[in-house]
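*Asks:* Below is one structure. I have some questions about it.
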Amino acid sequence: MTAPIFITRLIPEPGLKKIRESRIPFEMHPEDRSLPASELRHAVAGRQAVLCQLTDAMDESVLEAARGCKIVANMAVGFNNIDVAAASARKIPVSNTPGVLTECTADLTLALILAVARRVAEGDQEMRAGRFQGWGPLYMLGSDVSGATLGLIGPGRIATAVARRAAAFGMPILYHGNRSVPELDQLGGRFCELEELLRLSDFVSLHVPLTAKTRHMIDSHALAQMKPTAFLINTARGPVVNEAALVHALKTHQIAGAGLDVYEDEPRIAPGLADCPNTVLLPHLGSATLATRGAMSRMAAENILAALAGHTPSNLVNPEVWNAS
Ligand code: GLV
């Protein structure tokens, strides 16, 4: 018999524990890799619930195979890997894991800001390569973070948590999005148009979800508006940035550097990016702490168990589907 719950790849224990305790049979793909659509289609057929990851492309063909499923629970706050319109058309509720990874992702954003401005990764490489010849007045000079202007694009939970940290560094804050945010205003943030933010910020940090509107929001035109001394930070989604344009901007010193955690075509990175010394490149670690990944798996499991018990899951991204059922 097909187990009602399917988990697409190995997940942290807290979520598994919840599912085990429910005594609802489940099947977890035993390998730690993302499944191609052909395998996903086969694996989701006949399930009542699917717990998936941002690496699973839940496209229309997969959702058609999952028809009748009571919930697709993404273990991520971003859900651009799921064709939500196709899920809604098939009356499949979709959930995500907001909130639990906010602080952890904001921490990593600050880590990238500090690392790229103060050349932390480059300095580490100098030491390991034995190139350190002793302190020098002109050696490895970076840029100040304290007092520098931070521009936040996409003023949601994570941007607000970044702003709280930035306030402790005395950073003036600009933000741009489709609404003003009282908490950011209280932190001294100033809402402004994108052009102004790009023109005035020393650090431009991206916190928008990936949508048709935000794809390549940071292109050659946007990069050209940034100061030559400014840094681009991306802990949101890779395709928000045109990576080829970014490589060009870095190589031609149009901007000072970039701190990236996400890439346009993960796990690949654009040709030339790895050769740019003025970058810090992390392998999509925004939510990667033991506690946060545990909380994310627990939340995804709770969404599933609520849906299977007929209760409204807390984190639906298409609640209209649930309300109509
Ligand atoms: C991580 O990138 C997430 O969206 O949760």
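The values are calculated or read from the model by the stated rules, or taken from the named source; none is laboratory data. From a predicted model like this one, the values you see are computed outputs, not experimental measurements. Using ideal geometry, Cβ is built from the backbone for each residue, glycine included, and neighbour counts are taken over all protein chains shown. Note: areas computed on protein heavy atoms with side chains; ligands, DNA, RNA excluded. Shrake-Rupley method; radii C 1.70, N 1.55, O 1.52, S 1.80 Å.
*Asks:* Identify the residue in region 307-325 that is of a type in the set (A, V, I, L, M, F, W, C) and open to solvent by 20 Å² or more (accessible area, probe 1.4 Å) and, among all such residues, is farthest from Ile7 (Cα to Cα).
*Replies:* Step one: filter region 307-325 for residues of a type in the set (A, V, I, L, M, F, W, C), giving 307-309, 316-317, 321-322, 324.
Okay, now just the ones that are also open to solvent by 20 Å² or more (accessible area, probe 1.4 Å), so 308-309, 316-317, 322, 324.
Values: Leu308: 15, Ala309: 18, Leu316: 18, Val317: 19, Trp322: 21, Ala324: 26 Å.
If we take residues in region 307-325 being of a type in the set (A, V, I, L, M, F, W, C) and open to solvent by 20 Å² or more (accessible area, probe 1.4 Å), then Ala324 is farthest from Ile7 (Cα to Cα).
*Asks:* Can you tell me which residue in region 62-91 is nearest to the ligand (Cβ to nearest atom), limited to those that are of a type in the set (Val, Ile, Thr) and under 16 Å from Ala37 (Cβ atoms)? Lay out the reasoning, then the answer.
*Replies:* As a first pass, look at region 62-91 and keep what is of a type in the set (Val, Ile, Thr): 62, 71-72, 77, 82, 84.
Right, trim to under 16 Å from Ala37 (Cβ atoms) and you get 62, 72, 82.
Numbers: Val62: 19, Val72: 15, Ile82: 11 Å.
Here the residue is Ile82.
*Asks:* Step by step: first the residues of region 267-280, then only those that are surrounded by fewer than 21 Cβ atoms within 10 Å (Cβ to Cβ) and in contact (Cβ under 8 Å) with a residue 40 or more places away in the chain, then the one that is nearest to Leu114 (Cα to Cα). Which residue is that?
*Replies:* Filtering region 267-280 for residues that are surrounded by fewer than 21 Cβ atoms within 10 Å (Cβ to Cβ) and in contact (Cβ under 8 Å) with a residue 40 or more places away in the chain, the one nearest to Leu114 (Cα to Cα) comes out as Asn278.
*Asks:* Would you point out which residue out of Ala244, Ala236, Ala212 is touching a residue at least 40 places away in the same chain (Cβ under 8 Å), aliphatic (A, V, I, L, M) and in the same structural domain as Pro172 (by TED's automatic domain parsing)? Walk me through it before giving the result.
*Replies:* Details: Ala244 fails: touching a residue at least 40 places away in the same chain (Cβ under 8 Å); Ala212 fails: touching a residue at least 40 places away in the same chain (Cβ under 8 Å).
So the residue among Ala244, Ala236, Ala212 that is touching a residue at least 40 places away in the same chain (Cβ under 8 Å), aliphatic (A, V, I, L, M) and in the same structural domain as Pro172 (by TED's automatic domain parsing) is Ala236.
*Asks:* Is it the case, given these coordinates, that Ala106 is open to solvent by less than 10 Å² (accessible area, probe 1.4 Å), away from the ligand (no atom under 16 Å from the Cβ) and more than 24 Å from Cys276 (Cβ to Cβ)? Can you show your working first?
*Replies:* Working: open to solvent by less than 10 Å² (accessible area, probe 1.4 Å): yes; away from the ligand (no atom under 16 Å from the Cβ): no; more than 24 Å from Cys276 (Cβ to Cβ): yes.
In short, no.
*Asks:* Report whether or not Ala258 is in the same structural domain as Val204 (by TED's automatic domain parsing) and open to solvent by 10 Å² or more (accessible area, probe 1.4 Å).
*Replies:* On the way: in the same structural domain as Val204 (by TED's automatic domain parsing): yes; open to solvent by 10 Å² or more (accessible area, probe 1.4 Å): no.
It is false that Ala258 is in the same structural domain as Val204 (by TED's automatic domain parsing) and open to solvent by 10 Å² or more (accessible area, probe 1.4 Å).
*Asks:* Could you give every pair whose Cβ atoms fall below 6 Å, whose first residue belongs to region 82-103 and is open to solvent by 10 Å² or more (accessible area, probe 1.4 Å), and whose second residue is assigned to a loop (DSSP other than H, G, I, E, B) and more than 16 Å from the ligand (Cβ to nearest atom), counting only separations of at least 6 or pairs across chains?
*Replies:* So the pair list comes out as Asp83/Asp59; Val84/Asn318; Ser88/Asn318; Arg90/Arg67.
*Asks:* If the requirement is being of a type in the set (Gly, Ala, Ser), out of contact with any Cys (no Cβ under 8 Å at 6 or more places or on another chain) and farther than 25 Å from Gly238 by Cα, which of these qualifies: Gly46, Gly78?
*Replies:* Values: Gly78 fails: farther than 25 Å from Gly238 by Cα.
Result of the check over Gly46, Gly78: Gly46.
*Asks:* Say whether the condition of being away from the ligand (no atom under 14 Å from the Cβ) and closer than 26 Å to Val208 by Cβ is met by at least one residue in region 4-12. Don't jump to the end; show me each part of the working.
*Replies:* At the first step, the residues of region 4-12 found to be away from the ligand (no atom under 14 Å from the Cβ) are 4-10.
After this cut, where a residue has to be closer than 26 Å to Val208 by Cβ as well, the list is 8.
Yes; the residues of region 4-12 include at least one that is away from the ligand (no atom under 14 Å from the Cβ) and closer than 26 Å to Val208 by Cβ.
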